[in-house]
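Every number here is computed from the coordinates shown, using simple stated rules; none is lab data. Here the structure is a predicted model, which is why all the values come from computation and not from measurement. Note that we place each Cβ from the backbone using ideal geometry, even for glycine, and neighbour counts take in every protein chain shown.
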Amino acid sequence: MEDTAKQAAATLLQVYADIDLLALELCSDRLPFAPTAEARKELMRQIGEEVIHFSLQERTLERLGRPFLPVIDLSRREEIKAWFSGLGWYEFLAGLQLGIEGIGIAVVERVSEQAGPLVRESLRIPIADELRQSSFGVQEWQALISRSTPVEREDLRRRILGIFEQVYLLAEKSLPVPFEECWNSLGLTKEDLWETVRGRTRGILAKVGFDPGLPASFVA
């Protein structure tokens, strides 16, 4: 892999490592308030997985000559954590397990396909685990809408789209990274990745049981 692509992959890996660290923090913050024993068990399992993900990526960054440093600064991190802490259980799952882990991982998958073997291997386990994590959120949302009226279901659909929108807006202002430049260095385009994100968003909604749709920012 040429040096420009290698550096682009390292930059993106640093972002993913910090997001995994943030996910660990969010799960830890929510753990005392999980509504059921099953929910607590799931959050503890995800915390363990995120520790492994971050450790893999931290070691890979060292090998790439890019020691880990947080990408999200402290004030933005506190803003994100405060926003998540104010969410109800299902909204929390929509933001973390469906939005970040379910939809966001689609971009990581595309980057992994284009990155060199070292970066690809560091992402193999996180990709598999985060797909599993998102399945828990899907199951919880499926149970919620199964006991909802048609009017309530439409309100839930609006709420989940609103959560996806807010997660995107928080990420946009919290990640000062030249994403498009990095993607281009790996042979990817912004529009290719947006199509991937849109497809994954529709798929997540369909799995939950909603008609497909997109947040406003995903259409622009």
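Numbers at a glance
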item	result
Top-ranked residue of segment 13-35 - restricted to ones that are in contact with a Pro (Cβ under 8 Å, 6 or more places away or on another chain) and of a type outside the set (A, V, I, L, M), ranked as farthest from Pro126 (Cα to Cα)	Asp18
Residues of segment 124-149 classified as buried (at least 22 other Cβ atoms within 10 Å of the Cβ) and either hydroxyl-bearing (Ser, Thr, Tyr) or under 13 Å from the mean Cα position of the chain (by Cα) (or both), total	5
Selection status of Ser75, of a type in the set (Ser, Thr, Tyr), farther than 16 Å from Val15 by Cβ and surrounded by fewer than 20 Cβ atoms within 10 Å (Cβ to Cβ)	yes
Positions within segment 168-208 being under 16 Å from Tyr16 (Cα atoms) and touching a Leu at 6+ places or on another chain (Cβ under 7 Å), in sequence order	Cys182, Trp183
Selected residue (criterion: farthest from Gly99 (Cα to Cα)) from residues of segment 145-169 that are among the basic types (Lys, Arg) and without any contact (Cβ under 8 Å) to a residue 24 or more places away in the chain	Arg147
Top-ranked residue in segment 198-213 [being touching a helix residue (DSSP H, G or I) at 6+ places or on another chain (Cβ under 6 Å) and among the hydrophobic types (A, V, I, L, M, F, W, C); ranked as farthest from Ser135 (Cα to Cα)]	Phe210
Within segment 137-220, helices (runs of 4 or more DSSP H) holding 3 or more residues that are acidic (Asp, Glu)	150-174, 190-208
Matching residues, segment 179-219, being under 19 Å from the mean Cα position of the chain (by Cα) and of a type in the set (Ser, Thr, Tyr)	Thr196, Thr201, Ser217
Residue check, Glu152 exposed (fewer than 14 other Cβ atoms within 10 Å of the Cβ) and acidic (Asp, Glu)	yes
